[in-house]
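Written below as structure tokens is the structure these notes are about.
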Amino acid sequence: MAVMTRWLDPDEQRTWRAYVAASRALMDALDRELQRDAGMPHAYYELLVRLSEAPDRQLRMSELAEASGSSRSRLSHAVARLEAAGWVRREECPTDRRGQIALLTDEGFATLAAAAPGHVEGVRRHLFDALSPAQVDQLRRISETLAEHLTGS
């Protein structure tokens, strides 16, 4: 028995394309600004943020991969670059010889602290300034619904 494809109607198609274009343009703008102003891509900034918010500014590599939505191999490559910059240090996990811990260094924390004001201003300028308070509330609720649906949490 053939499965019927549930094609998008014209309104859904417009919505889908607008969502893809807007999310891509937003992330591209933020990435360009972080590269220009802080010398790092948005993905590296996010890793530094995750570590800065963790107890003792450290996480197991597996936890960091999960928190950032990154594969372990992609995360390992990114952490190697962050180590080379002196922003992160890897240590062996004391409770699991196979595991490693990523630790945000003081230099990495200072780099993040220097980059954060410009990044937050970019988020405000590119996203929040373009929306009304009601639209911000709608965007949050829609995003929470999608995240819950897609992650099952």
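The values are calculated or read from the model by the stated rules, or taken from the named source; none is laboratory data. All of these numbers come straight from a predicted model, not from anything done at the bench. Positions of Cβ are backbone-derived with ideal geometry, glycine not excepted, and every protein chain shown enters the neighbour counts.
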Please verify whether the range 93-107 includes one or more residues that are among the hydroxyl-bearing types (Ser, Thr, Tyr) and closer than 26 Å to residue 152 by Cα. no
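Does residue 128 meet the test of being in contact with a helix residue (DSSP H, G or I) (Cβ under 7 Å, 6 or more places away or on another chain) and over 21 Å from residue 25 (Cα atoms)?
Spelling it out, it is not the case that residue 128 is in contact with a helix residue (DSSP H, G or I) (Cβ under 7 Å, 6 or more places away or on another chain) and over 21 Å from residue 25 (Cα atoms).
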Yes or no: the range 83-106 includes at least one residue that is modelled with pLDDT of 95 or more, farther than 24 Å from residue 151 by Cα and among the hydroxyl-bearing types (Ser, Thr, Tyr). yes
Taking residue 27 as meeting all but one of (1) modelled with pLDDT of 95 or more; (2) within 14 Å of residue 111 (Cα to Cα), write down the number of the exception. (2)
Name the residue, out of 103, 59, 47, that is surrounded by 12 or more Cβ atoms within 10 Å (Cβ to Cβ), among the aliphatic types (A, V, I, L, M) and assigned to a helix (DSSP H, G or I). 47
Filter the range 62-71 down to the residues that are in a helix (DSSP H, G or I) and of a type in the set (Ser, Thr, Tyr), then identify the one that is farthest from residue 99 (Cα to Cα). 68
Answer with yes or no whether residue 65 is small (Gly, Ala, Ser) and in contact with a Ser or Thr (Cβ under 8 Å, 6 or more places away or on another chain). yes
Would you check if residue 36 is of a type outside the set (Asp, Glu), closer than 17 Å to residue 116 by Cβ, surrounded by 12 or more Cβ atoms within 10 Å (Cβ to Cβ) and more than 16 Å from the chain's Cα centre (by Cα)? no
Please go through the range 75-96 and give me each residue that is assigned to a helix (DSSP H, G or I) and touching a Gly at 6+ places or on another chain (Cβ under 9 Å), ordered by number. 82
Name, by its number, the condition in (1) without any contact (Cβ under 8 Å) to a residue 12 or more places away in the chain; (2) under 17 Å from the mean Cα position of the chain (by Cα); (3) surrounded by fewer than 15 Cβ atoms within 10 Å (Cβ to Cβ) that does not hold for residue 52. (1)
